[in-house]
1. Tilt of helix 39-51 relative to the longest C-alpha principal axis of the chain, in degrees (0 to 90, nearest 10)?
2. Would you calculate, for the chain, the mean residue ellipticity at 222 nm contributed by helices, counting each DSSP H stretch of 4 or more residues as -39,500 (n - 2.57) and dividing by all residues, to the nearest 500?
3. How far apart, in nm, are the 7 Å Cα→Cβ label points at residue 90 and residue 131?
4. Take each of the peptides 22-34, 3-15, average the number of other beta-carbon atoms within 10 Å over its residues, and list them starting from the highest.
5. Along the Cα→Cβ direction, 7 angstrom out, place labels at residue 33 and residue 3. What is the inter-label distance in nm?
6. Would you mind checking the radius of gyration and Dmax of the chain based on alpha-carbon positions, in Å?
7. Give me the distance between the Cα centres of region 111-132 and region 26-103, rounded to whole Å.
8. If R₀ is 25 angstrom, what is the calculated FRET efficiency for the pair residue 122 and residue 44, using the beta carbon separation as r and rounding to 0.05?
């Protein structure tokens with residue numbers, strides 16, 4: 001399974017927003033200038049993110065975007081599902097969707113993989129990514 005640029009760039013944009021002071025609106029232009037992601041592409045990414053309540057926008061000269069809820073309550077899984085769709089590695093990864101339920105030899109493998117993926121992405125919040133970013137900045141390297 002590959003996460004596309006939609007997923008990676010959406011996470012990067014959310015991380016950028018999480019690093020701003022709480023309640024600060026930012027424009028897609030500012031995000032683009034600071035991340036290198038195209039402004040037009042960000043606008044397209046923010047459509048499903050807005051629909052999912054992950055970001056909220058305000059129009060006007062003082063407008064922009066900010067996280068739709070506390071970044072502690074937005075998971076990597078929330079963001080990926082909003083822009084990528086379901087995270088199932090195969091269409092029949094859950095027993096509900098398997099047309100060969102009970103006779104498929106590999107269903108347990110797909111189900112286990114699906115649960116590992118969702119456990120991972122649903123247990124990392126945007127605030128966790130921000131904390132990791134700040135920790136990265138404090139590391140000192142010596143050779």
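1. Computed tilt is about 60 degrees.
2. The helix contribution divided over the chain gives -16000 deg cm²/dmol.
3. 3.6 nm
4. On the way: 22-34: 14.5, 3-15: 18.6.
So the order, starting with the most tightly packed, is 3-15, 22-34.
5. It is 2.7 nm.
6. In Å, with Rg to one decimal and Dmax whole: 17.9, 60.
7. The two parts, judged by their Cα centres, are 15 Å apart.
8. Values: r = 25 Å, r/R0 = 0.99.
So, using R0 = 25 Å, E works out to roughly 0.50.
A short reminder: the numbers here are calculations on the coordinates, not readings from a lab. None of the values given here were measured: they were computed from a predicted structure. A quick note on method: Cβ atoms are made from the backbone with ideal geometry, for glycine too, and the neighbour counts reach across all protein chains shown.
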